[in-house]
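Quick notes on the structure that follows.
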Amino acid sequence: MNASTNSLPISLRMNSSGFTLIELMVTIAVLAIIVSIATPNITAQIANQRVKSTTATLLNALKEAKAESMIRRQEITLSYDNDGTNAGSIEIENDNEVIDTYQYDAESTISSTATQIEFKPSKVADAMIYTICDSNDSASPRQVIITAVANISSQLGGSCP
């Protein structure tokens, strides 16, 4: 103990020795309330991040398929497979030769009118809209749009089944 506390009476030294049990319990209760309020927001943000990540993966795969069709001067097919329990996969191929494979989170799903799209070397493609959703319903779905002249873009929107 230092000299300043030795000169205090015993009753004052005992009162300033630490936190009481009630103070600790109130602090823990306040922290528990704050955590319970923040948890739903965090899960929604994680779900939105999964959708963004899957969208970015799909965009990269589509751009690679478009570039490969022009470089190789061949038709390139991109297909996806939502595998339910495991990570989904996106495959780029031509004439049954796999060029590249991408993986995306199992919680995310990709949906469209067809499971594959063809890019032609003449810079055209099948017009298609992909919708990316998450297993968490609070996530905002995103769309990837491919026009007939192979322009690729993404936006918020779409509806999930």
| When residues of the stretch 111-161 are filtered for being of a type in the set (D, E, K, R), surrounded by 14 or more Cβ atoms within 10 Å (Cβ to Cβ) and touching a helix residue (DSSP H, G or I) at 6+ places or on another chain (Cβ under 8 Å), how many remain? | 3
| field | Leading residue by the ranking (surrounded by the most Cβ atoms within 10 Å (Cβ to Cβ)) among those in the stretch 79-109 that are part of a strand (DSSP E or B) and more than 21 Å from the chain's Cα centre (by Cα) | value | Ile92
| strands (runs of 3 or more DSSP E) contained in the stretch 113-161 and holding at least 3 residues within 23 Å of the chain's Cα centre (by Cα) and under 26 Å from Gly84 (Cβ atoms) | 128-134, 142-146
| message | Cβ contacts < 7 Å: first residue hydroxyl-bearing (Ser, Thr, Tyr), restricted to the stretch 146-161; second residue part of a strand (DSSP E or B), any location; separation 6+ or different chain. Result? | response | Ser153/Ile145; Ser154/Arg142; Ser154/Gln143; Ser154/Val144
| note | Among (1) farther than 13 Å from Ala106 by Cα; (2) touching a strand residue (DSSP E or B) at 6+ places or on another chain (Cβ under 8 Å), Thr39 falls short only on (2)
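Among Thr20, Thr43, which is farther than 30 Å from Asp137 by Cβ and either at pLDDT 90 or above or not charged (D, E, K, R) (or both)?
Details: Thr43 fails: farther than 30 Å from Asp137 by Cβ.
When all the criteria are applied, what remains is Thr20.
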| remark: Condition set small (Gly, Ala, Ser) and over 8 Å from the mean Cα position of the chain (by Cα), scope the stretch 33-54, selection nearest to Ser154 (Cα to Cα): answer is Ala44
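The values are calculated or read from the model by the stated rules, or taken from the named source; none is laboratory data. From a predicted model like this one, the values you see are computed outputs, not experimental measurements. No Cβ is skipped: glycine too gets one built from the backbone with ideal geometry, and neighbour counts run over all protein chains shown.
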